[in-house]
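Worksheet: the structure to be examined is printed underneath.
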Amino acid sequence: MDFTRTEAEQVRDERQSAEQLIEQHREKAGELIGRYRVLTEQFERLRHSPNAQPRAELAVVFEAVLEAQRQLLAARNELNRLESAHDTLGRYANYLDAVLNEFGEVMPRVLHDEVAPPLTNSILQIEIIQRLLDRNLEQARSELKDLKATATTAIQRIRGLMTDLRTPKAG
């Protein structure tokens, strides 16, 4: 269970890092949008200018507009990828929290229902054996055999529970 808690903490840390990266990429995208707008306006001014601008200058500005557009598209794609990863990490963190909560609810009940009864029975058998040792040695030996069987069954139940906890459930 420590693994799940550690993993949940790591997922939360990664999600927080993703939030920081998202904010950085949003800022970068905002800067790129501003640059794209400035270049687009410059291109339009040059294109509609009454003074015939040399084609070379127009071509340079047009290439700058295209480059700004490519960078903006790349930044938006990266931002979308980061937001998707952030959402996925959020869902995974919620899943891990649900697993931990369920474990916290189920485990005490399982221990109470599966482990406590044979241990309680063992204590009662030990008390009986203590009384029988002075009175009826043969019956005390018989009770010891029963106690050993009860303890063996309890250990098998505990091992079964541990196997269930270690084995991932399908689905």
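Readers should treat all values here as calculations from the given coordinates under stated rules, not as data from a laboratory. Source: prediction; values computed, not measured. FYI the Cβ positions are ideal-geometry reconstructions off the backbone, even for glycines, and counts take in every protein chain you see.
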* Given springs between every Cα pair under 10 Å in a Gaussian network model of the chain, which of 85, 56, 75 has the largest fluctuation? -> 56
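Let a ≥ b ≥ c be the square roots of the eigenvalues of the Cα gyration tensor of the chain; is it rounded (a/c under 1.5), or, if not, prolate (a/b larger than b/c) or oblate?
Working: a/c = 9.07, a/b = 7.10, b/c = 1.28.
Prolate, because a/c is 1.5 or more and a/b exceeds b/c.
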* Taking the chain as the reference, fit the longest principal axis to its C-alpha atoms, fit the long axis of helix 116-135 to the helix C-alpha atoms, and give the angle between the two in degrees, 0 to 90, nearest 10. => 20 degrees
* To do: Report the residue, chosen from 101, 51, 121, that carries the largest GNM mean-square fluctuation when the chain is represented by alpha-carbon nodes joined by springs under 10 Å.
  => 51
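Magnitude of the Cβ-charge dipole of segment 2-166, K/R +1 and D/E -1, about the Cα centre, nearest 20 debye? Don't skip to the answer; put the middle values down first.
Working: 23 positive and 28 negative charges, 63 e Å.
Rounded to the nearest 20 debye, it is 300 debye.
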* Asked: Taking the Cα centre of the chain as the origin and placing charges on Cβ (Lys, Arg +1; Asp, Glu -1), which of 136, 60, 116 is farthest toward the positive end of the dipole?
  -> 60
* Asked: Once the Cα atoms of helix 2-47 and of the chain are each reduced to a long axis, what angle between those two axes, in degrees from 0 to 90 to the nearest 10, is obtained?
  -> 10 degrees
